[in-house]
Every structure is written in C-alpha cells, then in structure tokens.
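Participant: Have a look at this one before I ask anything.
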C-alpha cells in the first residue's frame, strides 16, 4: 500500500497539485446514521436539539482521542438512555403495546405517537452505564476539551463559537449519566411534529422494543435477555454546539467550522499525541535521516471507512518480531511523507471523489464492496470521471450503459492524449478482508491510449450480434420498452459471470453469488492485448454459457410467446440483456464476426429452432384452441442441439413434419388469423435448411459454436417482432 501511495505523492508533487491536508486525528462523522445536534447552555445543559441526515453528518469533522471511541465535538452516545426493567408487568405490557402499535401505524397521528412515547418515558428510569462508557465520555468532553482549548484559543476569530463551547464544557465537568439524563428530558419535553424524528427519539430513549426474531413475551426474563443482545453496542451519533451562539460566525456544527478546526490542528503540529516525540531514522524512500512516523494515520475513505496505512501488519506475521521488526520499524517512513500519503489517499478516495477517481465495485466476497481507485499518473487532478470506465455498472435497464456513461470521459482523454501522448492510468482496488483489516487487492497500470482504443473496440463488439429485443416496463414513463442493444461495462464481465441461477416460482429465476471471475480477469478481457487476454476471454465465454444458458433458453421461449415476459423477472431479463452483449463481445474478441457467423450452419440451426417454436405456437393457437405444451419443439431440442446438432436436427425433422403439413394447407379469410406469418415461417425455415449442410457441422460443438447457436435462437424475427411491438 505505501509504495503505491508513494507513487501518487510523487505525481502530485511533480505537478504541484495542492491536495489539501487533513490532520491525522481529524475524521468526518459517519454517514450511515442520522446525527443529533445538541446545543448546550451554561453548565453543559442540553437546551435544544436538531436531527440532520447522514449526508450532512459526513461533512462535519471530529477530533479523535488516542483511545478508541472518544472524539470531539462529535461522538457516539451509548443508548438506550432509559431502562424499563423495573416497571410492573401489567403497566409495561399496556404502554409498550400502545407504543409499538403507534410506531407501526404509518398513517397514525404524530400527536398519538408523542403521547405514547411520553407514557413509556413516565414509567422508565435512568439506566446505568459501564465504567468503560463513562471513561469514553469523559475523554470526549473532558480530556479533549483541555487539550484543544490552547490550540483553538490562538486560532482565528471565525472559531469563536467553538471557543465558547470548549470554555463551557471545561467549566461544567459533565458525566455520562448526568448528560444522557438531561438530554433525555430535553428530547421528551420538546418532542417533534415529524414522525421520523419521533421514531428516532423513542429508539434513543428506550432502545429496541420489537425485533424480527423476538419470541419471548414482553417483560419476561427471556425478553430482557433478548433485548439486551439487541441493544448491545447500540449508540446515537451526537454533535455538540452552543446555544446563543455568536451570529457573526458559523455554528460549531457547520462544515466551514470543521475546515477551520482542521487547519488549527495542522498549524499546531502533526504529532498524533502532543506529548509524544518521534524517533529519528533513515527514511526508506529518501534515504535521509528524518523524524520517523511512529503511529500511522487511519484516513476514512469512501465505502471502506478507516484504513490503516502500513505495508505489513506485523501482528499477522509473528516471525518478524524475533528480529524486532514491529509496526513502523519494519518500514521506516518520515512523518511528513506519511502525512502526504494520507492526504493523497483522501484526495483520490474520499466520498466527494466517487465516480471521478474512485468507485465502489463488487468484492470477491459475497455482499461486500471493494473500492476501486483510478487516476491519471501524469495528471491526478484530471477532472473527468475516470473511475466510471473501470468501475461503472448499470443495475437496471433504465440506467446509462457503458457507451453513454463514458462518452464524455473518453473524449476528455482523447483531448489530453493530443497534448500528452504517453499518459498512463493506474488502478488500485482496496478490499476489506474482515471488519478490521483492509488490503490492496488489485494494482494495474495501463496506457491511456490503450484504454481509449479498448473502449472503442468494446463498443464495436456489442454490435457483433443481430438485434435481440428484450421487454422491460418503464414505471416512470408507464410504458413498455424493448432493449435491443446494451453496452455492458467491463466490470459486468465479473458481476454477470459470478451469478448462478436457480428456478424460482415467483421470479422465474433467482441468482446467487459464486465467484468464478475476478475484476482483474474482467480488465484483461477488456484489454485484448497480452498473452492471457485470449485465454481469459475463452474461459469467460465458457463460464457465461454454462451459467446463463438455462436462463437464455427460457428467454428464447418467452420471446416466442410474447405475453409471458413477466414470467422471467426484471433481474433475470436485465442479466440476459448483458449476457447477450457479452456473447457478442467475446466472439468479437475471438475474431468471430457477425457478417460471417450469421451465415454459418450453427447460427442457422438456432434460427431454425426459433422458427419451429413460432410455427408450433401458431398450430396450437388454431388447432388446439390456444392450449400449448409446457415446451415448444424447438425449445425442447435446444439443449440437445448445443451438444449434438446432427441428432437434434434429425429429431426436429421427425417432430416438425405434421406442423409443416398443416402450415402448407392453412387458409383463413380472417385478417387477424396470421396466415401470412405461418407462410412466412415456412419460407424462412426452408432458407435455413438450405444453408445447413450436415457435413459442415462440427462433430463436437465448441463454445464459440454454442454461442452462435444461442444467438441464432434468440435473434429477433423482423416480421414477427415488428408486428408484436
């Protein structure tokens, strides 16, 4: 990790790019929970509060204490504030039952919710906090206040409200029990006319009262045991401010104040703890004797949160300890250079850079996301959304595909290449091993000109297929949409191929994750040059056919019926659309061109099977009163054709004879009977049969043969599809 960040630092220094620096102890508040802003009066008494969203919360900074879990002016308060364990059982059941009913009644009156919360509060009592929780709170509003006062005292006048807050807290000497009880009283006294805020308040006050796996009766011993597990480690993020603040300056809970707080700490010095002194040694990068970093920072980045900067975790490599190579001693780096690494990572991988230089991507682990970082080596400040090329994904049919999403950035790259032909793009993927450990999972370097060329070839590859229209319903426009040309993102190679499908009664097919292809494999397929590119493309084609063939076969049957699109769920149809395009791209990368393979026997067999389905469908409509079998004849023989095309053709000839005989004699004066279509099927089938030469069929179907047969089976029939649409 350090070596890769060192290269980013070198690039930024070479260009003179100002990244902005964040003190190692400054971290943004979390963005996953609503934030409670608490305004204090003299004595540290909470006198008012406000609730803000996680997006706003993430713009506010806090100063971290050396001990984990303590920070200022924002920190986590342990919840719930109140306990109900001493309430008599009959009263408890009635009060809690009424509160739960109001919480679940989304159309209920907010006034009723306020009253039920107040009634439960009347029965409750202040809770007891642990010694550890008391100490964390004391560090946050005690030790940190004392430490920050002299630093903020000499800062600019813009931090006047923060100065007042520090002075107020220094004089108050708050305890956790005292503060949480005063805040609880304020929450219940003020309440809120907003339902969401009242639900938040009742959760802060009483914790979890009802949960998914609750089995015990309210008030029983088992209930309190289960509730204790639900409330374990529960907390509410709070941010302190002052009541009656100086209106000439920004409040404490404001992004501008956070920025100035960071600058004040940087001006005071970068030591992680004021009393620590760094040892001197030889910097591994410069070879100079300088003060070394003895505690690596932990910048908070997009998606992954805090990330510890070091090369090797010696706690995981115990053998290094015998050589006294522990922590920063293993890889000595100057404190100043590590701070630059910290700033460079925040510059590229902060939440504000999402889509530009960083992008969450699917992880190799189920239900997790990695963070992809993409930047121009010669211009890390390149403003275009470079990460979209490598990390973009369209989750549904209404989102922009690869061509639409990358058109602007590719144009910008071309413009940059005109003046700087030797541009390079670096990719880093940071992954979470577990909750505590993150590591570098991917590190690649590409020529920017190669990226532009590969993107053009990728776009061209999606045209290497006949139109295959797939139906979707646009809920916003309230209209049917047929997608016939989708350009998947390179990362879709991994996300599509890493799904296995099983039949589902409700959605037709449902996917589950099973890793077969990595993001690195997907990029190798995207960049067709190199010894592994062709082999990986062939491997991806094999996996795609194996995993998607059943779903695509079902799609072929649905395309014939036209009225059964919803039997194949939205997710399955969207993945089919991507899979069809990927088949075309893989064939294009393997030099199998549409203008050639559409004339080949394997493709024509696919068309013949689809036409046989259509003819069978019309036969059932007119002869059997619309009653069709569970499988039409072409669909029933499709899997056989994938392995034994000659045998499948022989079976088709036997089964198709009565339907062809009916079609030749079918007549009707009804213009809606479809006589013209039936005759059209006969003509098209004759054309396919003329092209198929048995001796030209392969004795064993390759993956490219199977792909061609599948595309032929799924291809739109211009006459049928134009009339249907």
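Since every read-out is calculated from the coordinates, none of them should be taken as a lab result. Since we're looking at a predicted model, the values are computed, not measured. Note: ideal-geometry Cβ built from the backbone for every residue, glycine included; neighbour counts use all protein chains shown.
Participant: Any idea what the relative contact order of region 594-724 is, in percent, if you count C-alpha pairs under 8 Å spaced at least 6 apart?
Facilitator: Values: 136 pairs, mean separation 59.4, N = 131.
45 percent.
Participant: Give the Kirkwood hydrodynamic radius (Å, one decimal) of the chain, defined as one over the mean of 1/r across all pairs of different Cα atoms.
Facilitator: Values: mean 1/r = 0.0327 Å⁻¹.
Value: 30.6 Å, from the Cα pair sum.
Participant: When a footprinting reagent is the concern and you count Cβ atoms within 10 Å, what order do 603, 223 take, fewest first? Intermediate values should be presented prior to the final figure.
Facilitator: Working: 603 26, 223 18.
Least to most surrounded, the residues fall as 223, 603.
Participant: Can I ask one more? Can you work out the FRET efficiency for the pair residue 56 and residue 562, with r the C-beta to C-beta distance and R0 = 56 Å, to the nearest 0.05? Don't skip to the answer; put the middle values down first.
Facilitator: On the way: r = 49 Å, r/R0 = 0.87.
For residue 56 and residue 562, the calculated efficiency is 0.70.
Participant: Once you have the alpha carbon radius of gyration of region 571-725, what is it after dividing by 2.2 N^0.38 Å, with N set to its residue count?
Facilitator: Working: Rg = 16.2 Å, N = 155, 2.2 N^0.38 = 15.0 Å.
Cα-based Rg divided by the globular estimate yields 1.08.
Participant: Two decimals is fine: what's Rg over Rh for region 328-406, C-alpha atoms, Kirkwood radius as Rh?
Facilitator: On the way: Rg = 15.7 Å, Rh = 14.5 Å.
We get a ratio of 1.09 for region 328-406.
Participant: Next question. Relative contact order for the chain: what percent, with Cα pairs under 8 Å and sequence separation of 6 or more?
Facilitator: This gives 10 percent for the chain.
Participant: Follow-up question, since we're still on this one. How big is region 26-268 on each of its three principal axes, counting only the C-alpha atoms and giving the largest first in Å?
Facilitator: 59, 37, 30
Participant: Which number comes out as Rg/Rh for region 110-208 once both Rg and the Kirkwood Rh are worked out on C-alpha atoms? Mind dumping the intermediate values first?
Facilitator: Numbers: Rg = 17.2 Å, Rh = 15.7 Å.
A ratio of 1.09.
Participant: Using the number of other C-beta atoms within 10 angstrom as an exposure proxy, rank 232, 300 with the fewest first. Please list the in-between numbers first.
Facilitator: Numbers: 232 8, 300 21.
The most exposed by this proxy come first: 232, 300.
Participant: For the chain, what is the mean residue ellipticity at 222 nm derived from helices alone (per DSSP H run of n ≥ 4: -39500 (n - 2.57); sum divided by total residues; nearest 500 deg cm²/dmol)?
Facilitator: Numbers: 26 runs with 341 residues, N = 725.
Counting only the DSSP helices, I get -15000 deg cm²/dmol.
Participant: May I pose another question? Provide Rg over Rh for region 1-98; use the alpha carbon set for both Rg and the Kirkwood Rh (inverse mean inverse pair distance).
Facilitator: Numbers: Rg = 21.8 Å, Rh = 18.0 Å.
Taking Rh as the inverse mean 1/r over Cα pairs, Rg/Rh reads 1.21.
Participant: A further question on this structure: Three principal axis extents, largest first, for the C-alpha atoms of region 462-516, in Å?
Facilitator: If we take the Cα atoms of region 462-516, the spans are 34, 33, 21 Å.
Participant: Pairs of alpha-carbon atoms within less than 8 angstrom and 6+ residues apart define the contacts here; what relative contact order does region 1-127 have, in percent? Don't skip to the end; give the middle numbers.
Facilitator: Values: 119 pairs, mean separation 22.9, N = 127.
Answer for region 1-127 is 18 percent.
Participant: May I pose another question? To test your reading of the geometry: what angle, between 0 and 90 degrees and rounded to tens, separates the Cα axis of helix 160-172 from the longest principal axis of the chain?
Facilitator: 60 degrees
Participant: Report Rg (one decimal) and Dmax (nearest whole number) for region 5-45, counting Cα atoms only, units Å.
Facilitator: When restricted to the Cα atoms of region 5-45, Rg and Dmax are 18.7, 52 Å.
Participant: Starting from the alpha-carbon convex hull of region 358-589, give the projected area averaged over all orientations, in nm².
Facilitator: 13.8 nm²
Participant: Largest first, please: the extent of the C-alpha atoms of region 25-155 along each principal axis, to the nearest Å.
Facilitator: That gives 56, 33, 28 Å along the principal axes, largest extent first.
Participant: List the equivalent ellipsoid semi-axes of region 571-620 in whole Å, largest first, each obtained as the square root of 5λ for an eigenvalue λ of the Cα gyration tensor.
Facilitator: Details: eigenvalues 124, 67, 6 Å².
Taking √(5λ) for each eigenvalue gives 25, 18, 5 Å, largest first.
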